[in-house]
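Peer 1: The structure is given below, and queries will be raised subsequently.
Values quoted throughout were computed directly from the atomic coordinates according to the rules given, and no laboratory measurement underlies them. Please read all numbers here as calculations on a predicted model, not as lab measurements. When we count neighbours, we look across all protein chains shown, and the Cβ atoms used for this are built from the backbone with ideal geometry, even at glycine.
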Amino acid sequence: MPITSDAPRVGTGLTDLDLSDLDLFTGGPPWAAFDALRAQMPCHWNPESPPNHGFWSVTRHADIVAVTRDEETFSSEVGAVNLEELDAEQLQIRKSMLETDGARHFALRRLLQRDFSARSLAPYETFLRGLTATTLDAALAKREFDFVREVSADFPIRVLVRLLGIPDADAGKLIAWGNRMVGNTDPDEADVLLGSPESEQYRHLPFRSPAALEVFAYGDELARQRRGGDSDDLVSKLINREPSDGIPLSERDFHNYFLLLVVAGNETTRHTITHSMQALIEHPEAFALLKERPELLPGAVEEFLRWASPVYHFRRTATREVELHGQRIKEGDKVVVWWAAGNRDESVFAEPYQFDVTRDAREHMAFGKGGPHLCMGNQLARMEIRIMFEEILARVDHAEALGEPARVRSNFVNGIKTYPVRLTGR
Ligand code: HEM
């Protein structure tokens, strides 16, 4: 069986635990802390330094599902969906589908939801396989290389560039914008660090990043060219379709929708691919099994996603007083659901610290779980990861790490910046 254990050493005290402390995440996910929270304080109050007001952490799988399902009590709209605390004006300006509840959220999502179904994406399989082959052949010719730079980093954006109908030559720009925004807590990635005095002037922008302005301008130009046309790229669809609630997209709606598309599938898919490569290198029996039985790969992709847990958390805001595990959550409190913690919940996943590509891991929460905001790109991401590993397994006979992965400094994305490897094969 492709099983080995990576169980964490448990023993974390909970009194001083602060999940807003990024240092806790520099060595990888704080699994022991998540385990302790699930076992001892499944609804845990985490104080924060001013100006923030603290948050509740929810870490059990069942509780996370219950919270994300109940958007009337745990809203995505009345506050931000990350730890940052926004005033009403900032919220209004920065609002995308992610920060919208109810009928308007449904209408926004419906604009493109069908285009992200497995059926609509199937025609892209050949393109994706070709792109994967080109990427891998170039990397494998080097034998020793940084897996992130050569394989996983640019791949998701190159796919999105095709879906958006953008010239391939612009992929580099989109990649750089995405890195600057999502890496806003990492000095290596961000030009303006979240929380720095300089970020104040960008407080109305997503991620407080000036890169957002460049994304908006780029999107505006695409919209200008495609308004009134009938091309089947996602930008044309977004700009020319009418939302089902009859309320047209405002300029701001379009900006935030376009930016969400650029950002949402980039780092997340990249990090899943890198984590999966690392897991296969560290579990050679799983690598060998999948090479021998590639038909197991679609199921294995679910375990890759559970294992990787590329997005640590999302936040909701309580709209009324509510009790959870004896704790009184007040109206306006931030409630953070830790998908990563749910992905190691032993009541759902037996031996959760064993990487087992034969387990049924479909209950994982990498894409969220149970709620209306379940990742809209989940089928696209699954397809990208599956095809990537089909092609890797077909080409590579031997894989080894040449060093430790360098991690993104973040408690939002479980990210890897560099991962030196040697891959050899045909
Ligand atoms: C492995 C890759 C990915 C992971 C782990 C991931 C994870 C997530 C998570 C955790 C959420 C929030 C769920 C919630 O709050 O309930 C989300 C939402 C979203 N994701 Fe993904 N995502 C991935 C890839 C993608 C891709 C490829 C796209 C499309 C290009 C995408 C588009 C979106 C959108 C539009 C939303 C907002 C949905 C809504 O608010 O209704 N994601 N994703």
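Peer 1: Pop out the ³J(HN,Hα) list for region 281-291 in order, Karplus 6.51 cos²θ - 1.76 cosθ + 1.60 with θ = phi - 60°, rounded to Hz; leave Gly and Pro as x.
Peer 2: Computed from phi, the couplings for region 281-291 are 5, 7, 10, x, 5, 6, 4, 5, 4, 5, 5 Hz.
Peer 1: A further question follows. Region 31-94 to region 267-325: how many Å between their Cα centroids?
Peer 2: 21
Peer 1: Across region 372-388, in residue order, what do the Karplus-derived ³J(HN,Hα) couplings come to in whole Hz, using 6.51 cos²θ - 1.76 cosθ + 1.60 with θ = phi - 60° and x for Gly and Pro?
Peer 2: Rounded to whole hertz, the list is x, 9, 2, 2, 6, x, 4, 6, 5, 4, 4, 5, 4, 5, 4, 5, 4.
Peer 1: Beta carbons within 10 angstrom, averaged per residue: use that to sort the peptides 333-343, 294-304, 397-407, highest first.
Peer 2: 333-343, 294-304, 397-407
Peer 1: Given H placed 1.01 Å from N in the peptide plane, which residues other than close sequence neighbours of residue 324 have an amide H under 5 Å from its amide H?
Peer 2: Close amide H contacts, sequence-distant or interchain: 329.
Peer 1: For the peptides 125-134, 198-207, what is the packing order when you average, over each peptide's residues, the other Cβ atoms within 10 Å and list the highest mean first? Show your work: numbers first, answer last.
Peer 2: On the way: 125-134: 14.7, 198-207: 16.7.
The peptides rank, most packed first, as 198-207, 125-134.
Peer 1: Let me ask something else. Looking at region 268-405, what % of the alpha carbon pairs are farther apart than 25 Å? Let's see the in-between values first.
Peer 2: Working: 3169 of 9453 pairs.
In whole percent, the share of Cα-Cα pairs in region 268-405 beyond 25 Å is 34.
Peer 1: Cα to Cα, under 20 Å, and not fewer than 8 places away if on the same chain: which aspartates and glutamates meet these conditions relative to residue 291?
Peer 2: 137, 282, 302, 303, 356, 360, 384, 390, 391, 397, 400
Peer 1: Check the straight Cα-Cα distances from residue 173 and name the lysines below 23 Å, setting aside those fewer than 8 residues away within the same chain.
Peer 2: Leaving aside lysines fewer than 8 places away in the same chain, those within reach of residue 173 are 237, 417.
Peer 1: Tell me what the chain gives for mean residue ellipticity at 222 nm when only DSSP H runs of n ≥ 4 count, each as -39,500 (n - 2.57), the sum divided by the residue total, rounded to 500 deg cm²/dmol. Could the numbers behind the result be given before it?
Peer 2: Values: 16 runs with 177 residues, N = 426.
When only DSSP H runs of four or more count, the value is -12500 deg cm²/dmol.
Peer 1: Let me ask something else about it. Count the net charge of all other residues whose Cβ sits under 12 Å from the Cβ of residue 115, scoring Lys and Arg as +1 and Asp and Glu as -1.
Peer 2: Once positives and negatives cancel, what remains is +4.
Peer 1: Go through 322-329, 208-215 and give me the packing order, highest mean Cβ count within 10 Å leading.
Peer 2: Result, highest mean Cβ count within 10 Å first: 208-215, 322-329.
Peer 1: Take the alpha-carbon centre of region 384-426, take the same for region 169-195, and report the distance between them in whole Å.
Peer 2: 21
Peer 1: Sticking with this one: How large is ³J(HN,Hα) for each residue in region 402-412, as worked out from phi by the Karplus curve 6.51 cos²θ - 1.76 cosθ + 1.60 (θ = phi - 60°), to whole Hz, x for Gly and Pro?
Peer 2: Each residue of region 402-412 in turn: 9, x, 7, x, 8, 9, 6, 7, 6, 10, 10 Hz.
Peer 1: Determine the dipole magnitude for region 35-139: charges of +1 sit on the beta-carbon of Lys and Arg, -1 on that of Asp and Glu, nothing else is charged, the reference point is the Cα centre, and the result goes in debye to the nearest 20. Walk me through the intermediate numbers first.
Peer 2: Details: 11 positive and 16 negative charges, 116 e Å.
With Lys and Arg at +1 and Asp and Glu at -1, about 560 debye.
Peer 1: Given axes a ≥ b ≥ c from the Cα gyration tensor, I'd like to know whether region 153-275 is rounded (a/c under 1.5), prolate (a/b larger than b/c) or oblate.
Peer 2: Working: a/c = 2.13, a/b = 1.37, b/c = 1.55.
Oblate, because a/c is 1.5 or more while a/b does not exceed b/c.
Peer 1: In the calculated pair distance distribution of the chain, what percentage of Cα-Cα distances lie above 35 Å?
Peer 2: Details: 23752 of 90525 pairs.
Value for the chain (Cα pairs over 35 Å): 26 percent.
Peer 1: Still on this model: Give the residue list of trypsin sites (Lys or Arg not before Pro) in region 215-323 that are DSSP loop and have at most 16 other beta-carbon atoms within 10 angstrom. Working shown, then result.
Peer 2: Values: sites: 224, 226, 227, 237, 241, 252, 270, 291, 306, 315, 316, 320; in loops: 227, 241, 320.
Answer by residue number: 227, 241, 320.
Peer 1: Here's another thing I want to ask about it. For region 326-389, state which GluC sites (Glu not before Pro) are in a DSSP loop and have at most 12 other beta carbons lying within 10 Å of their beta carbon.
Peer 2: Values: sites: 331, 346, 363, 384; in loops: 331, 346, 363.
Of the GluC sites (Glu not before Pro), the ones in loops of region 326-389 whose Cβ has at most 12 other Cβ atoms within 10 Å are 331.
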